[in-house]
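Here's the structure, in structure tokens; my notes come after.
The values are calculated or read from the model by the stated rules, or taken from the named source; none is laboratory data. If you're wondering where the values come from, they're calculated on a predicted model, not measured in any experiment. Backbone-built Cβ (ideal geometry, glycine too); neighbour counts: all protein chains shown.
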Amino acid sequence: MSAGRKVRSAKAITVIGGADGPTSIFLAGSLRGKKEKNIIRRVKNRFRQIRYERKRKKAGESITAGAHSMEEVMQYIRQRYQACEAGESYPDYFQRKRQMKHEMIRLFAPELLGEEKAVPPPEDFSDQKAVSQWLRKVESQNEEYLQQAQQIPAELFPSEYHLFLIEQGEDGTMELELDAFYPKIGISWSGKKERMEPIVKDVYRYLGVSQQDIEQKTDRYQTLLSVLCSD
């Protein structure tokens with residue numbers, strides 16, 4: 001799904017996948033492969049890498065065992081942030097619900113979907129006709145995958161979608177998408193970073209990790225670590 005998907009927002013946190021934060025991904029592209037010739041940029045990139053590694057280490061040391069269920073998370077955001085659940089009339093509600101189910105199946109029971117093949121992009125992106133045809137194929141294939149996921153019965157893959165809104169007045173609005181059965185949250189927001197990002201980190205800390213997650217460096221642990229390291 002992120003992660004994290006931007007929906008009328010200036011910032012999004014992807015909750016699905018991603019063992020490293022966006023800074024390290026940027027550095028991987030900058031420092032590996034072709035060497036940066038500009039000495040100033042090279043020094044800045046190295047400084048950012050060192051800074052991120054220190055931040056990541058500090059965040060890792062702050063993580064302690066204490067996992068909560070998704071039901072507990074929903075109760076927590078209701079009480080602490082007065083989160084309200086959005087109804088079916090909310091923009092793109094049903095499409096989001098479909099996408100969430102597909103993403104949860106892809107993560108937790110991929111065998112139910114079989115192999116999903118990517119549509120190869122055109123060799124020449126200046127060819128507008130080829131690009132348009134490619135985009136149509138991608139859209140058509142994505143729709144097929146979404147329909148396939150919807151046809152999987154609850155007996156094989158239980159699902160319970162929720163979309164919450166946290167209103168912070170002039171400081172911004174946050175959207176949280178989750179499935180009651182699976183420890184993944186999709187968060188997107190618009191507004192003031194200094195007000196919204198602490199909420200994101202607090203929600204993920206409350207979701208938490210188990211001792212086993214910490215010891216085995218599971219995806220749940222890596223996701224929490226990435227969120228805590230985000231700027």
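Check off (1) in a loop (DSSP other than H, G, I, E, B); (2) touching a Ser or Thr at 6+ places or on another chain (Cβ under 6 Å); (3) of a type outside the set (S, T, N, Q) for LYS101 and give me the number that stays unchecked.
Going through (1) in a loop (DSSP other than H, G, I, E, B); (2) touching a Ser or Thr at 6+ places or on another chain (Cβ under 6 Å); (3) of a type outside the set (S, T, N, Q) one by one, LYS101 breaks only (1).
Pairs, please: C-beta under 7 Å, at least 6 apart or cross-chain, first residue within 20 Å of PRO183 (Cβ to Cβ) and in the range 84-107, second in a loop (DSSP other than H, G, I, E, B) and modelled with pLDDT of 95 or more?
Partner pairs satisfying both residue conditions: LYS101/SER159; MET104/SER159; ILE105/ILE152; ILE105/PHE157.
Give me a count of the residues in the range 132-157 that are part of a loop (DSSP other than H, G, I, E, B) and either aliphatic (A, V, I, L, M) or loosely packed, with under 14 Cβ neighbours inside 10 Å (or both). Show your work before the answer.
First, the residues of the range 132-157 that are part of a loop (DSSP other than H, G, I, E, B): 151-157.
In the following step, the residues that additionally are either aliphatic (A, V, I, L, M) or loosely packed, with under 14 Cβ neighbours inside 10 Å (or both) were identified as 151-156.
The qualifying residues number 6.
Out of the range 180-191, which residues are part of a strand (DSSP E or B) and in contact with an Asp or Glu (Cβ under 6 Å, 6 or more places away or on another chain)?
Pass one, the range 180-191, residues part of a strand (DSSP E or B): 182-191.
Passing the criteria: GLY186, SER188, GLY191.
Might you let me know whether the range 73-85 holds any residue that is assigned to a loop (DSSP other than H, G, I, E, B), modelled with pLDDT under 95, in the same structural domain as GLY169 (by TED's automatic domain parsing) and exposed (fewer than 15 other Cβ atoms within 10 Å of the Cβ)?
The initial filter retains those residues of the range 73-85 that are assigned to a loop (DSSP other than H, G, I, E, B), namely 82-83.
Filter again for modelled with pLDDT under 95, leaving none.
Within the range 73-85, not a single residue is assigned to a loop (DSSP other than H, G, I, E, B), modelled with pLDDT under 95, in the same structural domain as GLY169 (by TED's automatic domain parsing) and exposed (fewer than 15 other Cβ atoms within 10 Å of the Cβ).
Across the range 116-131, which residue is surrounded by the fewest Cβ atoms within 10 Å (Cβ to Cβ) among those that are under 30 Å from the mean Cα position of the chain (by Cα) and of a type in the set (Asp, Glu)?
Result: GLU123.
For GLU177, indicate whether it is among the acidic types (Asp, Glu) and either part of a helix (DSSP H, G or I) or in contact with an Asp or Glu (Cβ under 9 Å, 6 or more places away or on another chain) (or both). Can you show your working first?
Details: among the acidic types (Asp, Glu): yes; either part of a helix (DSSP H, G or I) or in contact with an Asp or Glu (Cβ under 9 Å, 6 or more places away or on another chain) (or both): no.
No, not satisfied.
Any chance you could count how many residues in the range 200-222 are part of a helix (DSSP H, G or I) and over 20 Å from SER69 (Cβ atoms)? Talk me through it step by step, then tell me what you get.
First, pick out the residues of the range 200-222 that are part of a helix (DSSP H, G or I): 200-207, 211-216, 219-222.
If we keep only those that are over 20 Å from SER69 (Cβ atoms) too, we end up with 215.
Of the residues in the range 200-222, 1 are part of a helix (DSSP H, G or I) and over 20 Å from SER69 (Cβ atoms).
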